[in-house]
Amino acid sequence: MILNFKNILFIIILIFKNYSLLRIFQIIEIKKINIKGKCIEFGAYENMKKNFIYWVKDRKIKIYLTNLKKNKKIIYSDLRKKINFKSNYFDNILIFNVLEHIDKNDMAIKELKRILKKKGKLIGSTPFIYQVHGAPEDYLRFTKTYFEKKLSDSGFEIEMIKCLGQGPFVASFSLLYSYTKYIPFLSHFILLACSILDLIIQFFVKTKLYELYPVGIFFIAKKK
C-alpha cells in the first residue's frame, strides 16, 4: 500500500479522531468498493459510524449487522459454529478484524461461503503487525499467502489480496499509536517521520516494504 497525499490527508483527519492506523488503512480500501444487494457485516457495532459498511460508496443496500452480543440492531451469530442464516442469501459479506479471534477458522470459512450467493463477495481484513487485542481472545495472525491458499482451497476466486502499510517504520508507528495518541499532534509528526524513513529505505531496495512489514491484510474473494 503506497501512501499518497490524498491518503495522508485522510489519515491525519482520522488520527485526530483516535482511529488506529490499521483501521484507517482498512477504511481507505473499503471506500474504493461499490457493493449492491444484501450485505452483512460480522463483528459489527450498534453505532453505525463504527462499522466498515458505513464507508462503502453505495449506501442503497440492505444491511445486516451481527456480533456475539445481541441487541435491537445487532443479530447474534457465532462463527465458531453453524450460524442461523439461510444458505445462498447474501450478496456481500464484510468481515473485518474478526478471524483472528477464532482459534479454528475452518467452520467460519465454511459458514461464510454457505450463506453467500454464488458470485457473492467476501470482503475482509485482519491485522498482522498489530498489538494483541482481546474480543474476548486474540489467537492468530494471517499472511497474504495464507489467504491466497485458504480462500482458494475453500472454493473462492481471489479478486484481491493486498498488504496494508508502507514499511517497518510505519508498522512501528502503528504499535506505538496506543500511547502517542494521548499527546496532541505528536502522532502526526511521528507518522510523517516514519513515512519519510520508509520511503528512503524503499529507494534502496527492490522488495516492496509493505509486503514485508504489513500492518494488516485486506482481501476480496468471490464465491465460485
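Points worth noting:
- Test result for Ser87, surrounded by fewer than 21 Cβ atoms within 10 Å (Cβ to Cβ) and in contact with a helix residue (DSSP H, G or I) (Cβ under 7 Å, 6 or more places away or on another chain): yes
- Flag for Leu191 being crowded, with 18+ Cβ neighbours inside 10 Å, in contact (Cβ under 8 Å) with a residue 12 or more places away in the chain and within 20 Å of Tyr19 (Cα to Cα): yes
- Count of the stretch 68-117 residues which are closer than 15 Å to Cys39 by Cβ and in a strand (DSSP E or B): 10
- Number of residues in the stretch 73-100 that are free of Cβ contacts under 8 Å to residues at least 12 places away in the same chain and either over 26 Å from Leu140 (Cα atoms) or more than 22 Å from the chain's Cα centre (by Cα) (or both): the value is 1.
- Test for Ser152: is it within 28 Å of His101 (Cα to Cα) and either buried (at least 16 other Cβ atoms within 10 Å of the Cβ) or aromatic (Phe, Trp, Tyr) (or both): no
- Filter result (under 26 Å from Ile217 (Cβ atoms) and of a type outside the set (Val, Ile, Thr)) within the stretch 70-81: Ser77, Asp78, Leu79, Arg80, Lys81
- Within the stretch 118-149, the only residue that satisfies the criterion of being of a type in the set (Asp, Glu), surrounded by 14 or more Cβ atoms within 10 Å (Cβ to Cβ) and part of a loop (DSSP other than H, G, I, E, B) is Asp138.
- Near pairs, Cβ below 7 angstrom, 6+ apart or cross-chain, from the stretch 124-135 (more than 20 Å from Met160 (Cα to Cα) and free of Cβ contacts under 8 Å to residues at least 24 places away in the same chain) to any residue that is of a type in the set (A, V, I, L, M) and in a loop (DSSP other than H, G, I, E, B): none
- Within the stretch 183-224, the set of residues being closer than 28 Å to Cys39 by Cβ and among the small types (Gly, Ala, Ser) comprises Gly216, Ala221.
- Selection within the stretch 53-79 - closer than 21 Å to Met107 by Cβ and aromatic (Phe, Trp, Tyr): Tyr64, Tyr76
- From the options Ile201, Ile217, residue that is modelled with pLDDT of 90 or more and out of contact with any Cys (no Cβ under 8 Å at 6 or more places or on another chain): Ile201
- Of residues in the stretch 90-108 being surrounded by 15 or more Cβ atoms within 10 Å (Cβ to Cβ) and out of contact with any strand residue (DSSP E or B) (no Cβ under 6 Å at 6 or more places or on another chain), the one nearest to Gly134 (Cα to Cα): His101
- Candidates Ile35, Ile12, filtered to the one that is touching a strand residue (DSSP E or B) at 6+ places or on another chain (Cβ under 8 Å) and touching a residue at least 40 places away in the same chain (Cβ under 8 Å): Ile35
The values are calculated or read from the model by the stated rules, or taken from the named source; none is laboratory data. The structure displayed is predicted, hence computed values, not measured ones. So basically every Cβ, Gly included, is an ideal-geometry build from the backbone, and we count neighbours across all protein chains shown.
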